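K.L.:
Below is one structure. I have some questions about it.
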Amino acid sequence: CENIDGRVVEHRGLLIAGLEGSPRYNDRPRFQYTENEMRAKIAALTPALVLNRARAGRFLDVLIAHAPPYQIHDGADYAHRGFKSFVWLIDHYQPRYFLHGHKHVYDAREQTVTPRGATTVINTYDARVLEI
């Protein structure tokens with residue numbers, strides 16, 4: 001197991017990046033970020049993503065995040081809202097998959113797989129097998 005928060009790694013030819021955390025919703029800032037703090041984490045990934053594009057012809061294959069993108073699988077309550085900056089990341093860097101958790105799904109009718117442009121956003125709660 002390797003911590004990929006804020007990093008891009010290559011594994012078996014796949015370009016994978018990670019972003020930990022949820023939107024800040026209480027006074028315990030550990031693993032909670034404001035929208036601006038998450039934008040800064042994404043900006044820190046940018047050099048590696050641009051290098052991927054130059055070397056491999058694509059920015060990223062899989063982004064793994066804790067929280068969902070804004071208005072894609074997120075919740076109405078403050079603690080489960082998504083990051084707007086993730087929507088920007090998807091639109092600009094077009095990873096093949098955006099995997100997230102954070103939002104628990106208890107109703108099988110709730111949508112957990114959503115396309116956005118070239119990206120498939122998948123809520124992996126409780127568990128998910130993804131064949132690439």
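K.L.:
For a quick check of understanding: with a 1.4 angstrom probe and all protein chains in place, what accessible area in square angstrom does Glu35 have, to the nearest ten?
P.N.:
Probe radius 1.4 Å; accessible area of Glu35 about 50 Å².
K.L.:
A follow-up question, please. What is the range 1-71 by shape, rounded, prolate or oblate, if you read a ≥ b ≥ c off the alpha carbon gyration tensor as root eigenvalues and call it rounded for a/c under 1.5, prolate for a/b larger than b/c, and oblate otherwise?
P.N.:
Values: a/c = 2.47, a/b = 1.96, b/c = 1.26.
Judged from the Cα gyration tensor, the range 1-71 comes out prolate (a/c at least 1.5, a/b above b/c).
K.L.:
Shifting gears a bit: Note the direction-averaged projected area, equal to a quarter of the hull surface, for the Cα convex hull of the chain, in nm². Write out the running numbers ahead of the final one.
P.N.:
Working: hull surface 33.0 nm².
That works out to 8.2 nm², a quarter of the Cα hull's surface.
K.L.:
Another question, then. How far is helix 84-93 tilted, in degrees, relative to the longest principal axis of the Cα atoms in the chain, given as a value from 0 to 90 rounded to the nearest 10?
P.N.:
The answer is roughly 20 degrees.
K.L.:
Can you tell me the accessible area per residue over the chain, all protein chains present, probe 1.4 angstrom, in square angstrom?
P.N.:
Numbers: 7850 Å² over 132 residues.
Result: 59 Å² per residue.
K.L.:
Pop out the carbon and sulfur fraction of the accessible area of the range 76-132 as a percent, whole number, probe 1.4 Å. Walk me through the numbers before you get to the answer.
P.N.:
Details: 1760 of 3490 Å².
Percent of accessible area from carbon and sulfur atoms in the range 76-132: 50.
K.L.:
Right, another one. Taking Cα pairs under 8 Å and at least six residues apart, what relative contact order does the range 7-117 come out at, in percent?
P.N.:
Normalised by residue count, the contact order of the range 7-117 is 26 percent.
K.L.:
Still on this model: Rounded, prolate or oblate for the range 65-132? Axes are the square roots of the Cα gyration tensor eigenvalues, ordered a ≥ b ≥ c, and the cut-off for rounded is a/c under 1.5.
P.N.:
Working: a/c = 1.91, a/b = 1.15, b/c = 1.67.
In terms of gyration-tensor shape, oblate.
K.L.:
In debye, nearest 20, what is the charge dipole magnitude of the chain about its Cα centre with +1 on Lys and Arg Cβ and -1 on Asp and Glu Cβ, if you could check?
P.N.:
It comes to approximately 340 debye.
The values are calculated or read from the model by the stated rules, or taken from the named source; none is laboratory data. For clarity, every value in this text was computed on a predicted model and none was experimentally measured. All Cβ positions, even for glycine, are placed from backbone atoms using ideal geometry, and neighbour counts span all protein chains on display. Please note that ligands, DNA and RNA were not included when accessible areas were found on the heavy atoms of the full protein model with its side chains. Shrake-Rupley method; radii C 1.70, N 1.55, O 1.52, S 1.80 Å.
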